[in-house]
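S.K.: Submitted below is the structure of interest, expressed as structure tokens.
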């Protein structure tokens with residue numbers, strides 16, 4: 001009886017000769033040396049971690065029990081964090097859609113336009129949200145707005161790439177049929193491209209919102225508002241029980257967002273197959 005293979009199972013060729021196995025062994029040795037070399041550069045020291053465990057336990061002890069009296073005070077920052085994530089995602093989607101059409105090889109005939117757009121997306125998404133938040137904080141001041149701008153700019157680069165990759169994987173048959181009937185480029189996109197990618201796009205946007213919600217809590221640490229700002233404030237004032245409460249609220253928010261996002265993505269992807 002044949003059992004279905006896992007989609008992650010290795011399907012490539014295995015070495016069939018001594019030379020092949022020798023090359024594989026050499027490759028494994030190179031990987032092992034690279035890991036050893038990088039461990040030295042990263043100064044990995046499990047003994048130092050073990051020596052620091054008492055300090056970690058002492059810090060955790062100071063956070064107990066969490067101060068539940070501040071829960072009412074955290075409602076507004078929690079809502080602000082959600083708002084930052086929502087608008088950071090929305091403002092990322094708006095430029096990502098047109099840029100994805102320019103960055104898709106099967107839609108963009110001008111190679112220089114394709115390359116310039118791809119590299120622009122790479123540059124934008126290579127800059128961490130924290131760095132972008134610091135830049136926007138210096139430009140527009142403290143508050144949630146610089147956090148929204150940081151998430152939007154970084155997200156535009158990420159979503160633009162994902163959208164373009166989805167476009168490049170579509171079936172070219174409908175596009176060629178539309179072009180054969182004299183359809184204009186906009187008509188090809190609306191009737192040939194979008195129906196094939198909209199399900200994947202929505203799933204990616206939902207996942208991006210989930211990521212932005214996590215990032216929004218971190219951006220607050222550099223003055224971009226939300227729960228992260230409350231978390232840093234409690235740490236600076238040595239109010240560790242309040243810190244524990246902030247961490248619990250953030251964790252619950254992320255878990256709920258993850259569950260809802262996963263359910264929506266599953267339903268969208270399931271409906272897209274029918």
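The values are calculated or read from the model by the stated rules, or taken from the named source; none is laboratory data. What you see is a predicted model; the values in this text were computed from it and never measured. A quick note on method: Cβ atoms are made from the backbone with ideal geometry, for glycine too, and the neighbour counts reach across all protein chains shown.
S.K.: Find the helices (runs of 4 or more DSSP H) located wholly in the range 154-263 whose residues include 3 or more that are buried (at least 21 other Cβ atoms within 10 Å of the Cβ) and either in contact with a helix residue (DSSP H, G or I) (Cβ under 7 Å, 6 or more places away or on another chain) or modelled with pLDDT of 80 or more (or both), and list them.
M.R.: Values: elements: 173-180, 185-188, 194-219, 227-236.
Those helices (runs of 4 or more DSSP H) span 194-219, 227-236.
S.K.: Just for the range 58-80: of the residues that are within 23 Å of residue 252 (Cα to Cα), loosely packed, with under 10 Cβ neighbours inside 10 Å and free of Cβ contacts under 8 Å to residues at least 24 places away in the same chain, which one is nearest to the chain's Cα centre (by Cα)?
M.R.: Within the range 58-80, the subset within 23 Å of residue 252 (Cα to Cα) is 59-80.
In the following step, the residues that additionally are loosely packed, with under 10 Cβ neighbours inside 10 Å were identified as 61, 64-65, 72.
Imposing the further condition that a residue be free of Cβ contacts under 8 Å to residues at least 24 places away in the same chain reduces the set to 61, 72.
On the way: 61: 33, 72: 30 Å.
That would be 72.
S.K.: Just name the residue that is nearest to residue 244 (Cα to Cα) out of those in the range 39-48 that are under 29 Å from the mean Cα position of the chain (by Cα) and surrounded by 10 or more Cβ atoms within 10 Å (Cβ to Cβ).
M.R.: If we take residues in the range 39-48 being under 29 Å from the mean Cα position of the chain (by Cα) and surrounded by 10 or more Cβ atoms within 10 Å (Cβ to Cβ), then 44 is nearest to residue 244 (Cα to Cα).
S.K.: So the check is Cβ under 9 Å with 6+ separation or different chains; which pairs have a first residue in the range 222-248 that's free of Cβ contacts under 8 Å to residues at least 40 places away in the same chain and at positive phi and a second one that's surrounded by fewer than 20 Cβ atoms within 10 Å (Cβ to Cβ) and not in a loop (DSSP other than H, G, I, E, B)?
M.R.: Note: pairs meeting the criteria are 238/62.
S.K.: Kindly indicate which of 105, 118, 125 is surrounded by fewer than 20 Cβ atoms within 10 Å (Cβ to Cβ) and not in a helix (DSSP H, G or I). Before the answer, list the steps.
M.R.: On the way: 118 fails: not in a helix (DSSP H, G or I); 125 fails: not in a helix (DSSP H, G or I).
After applying the criteria, what remains is 105.
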